[in-house]
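Before any comments, here is the structure.
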Amino acid sequence: MNGASAVQTESLRVENLRRGDIWFVKMGRMDGSGLRKIMPCVIVQIDEMNQSGALDTAVIVPLSNRVPADDELTEYDVVLDPQDTGLPKPAIAAWTQIRTLSPDLMMKRTGRVNGEIMRQLADNIAMLVGKLPERFD
């Protein structure tokens with residue numbers, strides 16, 4: 001998904017981000033090199049962290065338009081329908097690729113996911129990192 005032609009840069013502060021919003025984001029390699037690609041992402045960071053201004057970053061999940069066929073989907077796949085999100089095509093959440101980014105990389109808000117999708121993403125992320133035992137050494 002390359003929304004570069006329709007994307008306009010907005011002045012953005014972390015306090016203006018909302019959990020569940022979908023933004024077109026300038027993505028690139030984590031070391032800052034390589035080609036940049038503009039792709040949609042879902043803000044998964046809780047609103048309390050966004051609105052407090054305590055952080056100057058946002059936690060996101062990238063979205064891909066490479067949605068597998070129905071018979072290839074797993075119970076953990078989170079597919080987003082364009083009618084529900086404002087995206088131009090169906091997308092799948094790449095929730096194992098969770099990232100923390102500067103809001104300077106966020107270009108334009110394009111939509112929002114519903115509560116059911118947000119719960120699926122939160123459950124998958126919690127499963128990914130696992131629950132720590134009471135004592136962790």
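Nothing in this text is a laboratory measurement; each read-out follows from the coordinates by a stated rule. All values reported here derive from a predicted model rather than from experimental measurement. Counting neighbours? That spans all protein chains shown, and the Cβs are built from the backbone with ideal geometry, glycine included.
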Next item on the list: Quick one: which residues, 5+ away or cross-chain, put their amide H under 5 Å from the amide H of Q45? H built at 1.01 Å from N.
Entry: V59
Next item on the list: Would you please put 103-111, 67-75 in order of how densely packed they are, using the mean number of other Cβ atoms within 10 angstrom per residue and starting with the highest?
Entry: 103-111, 67-75
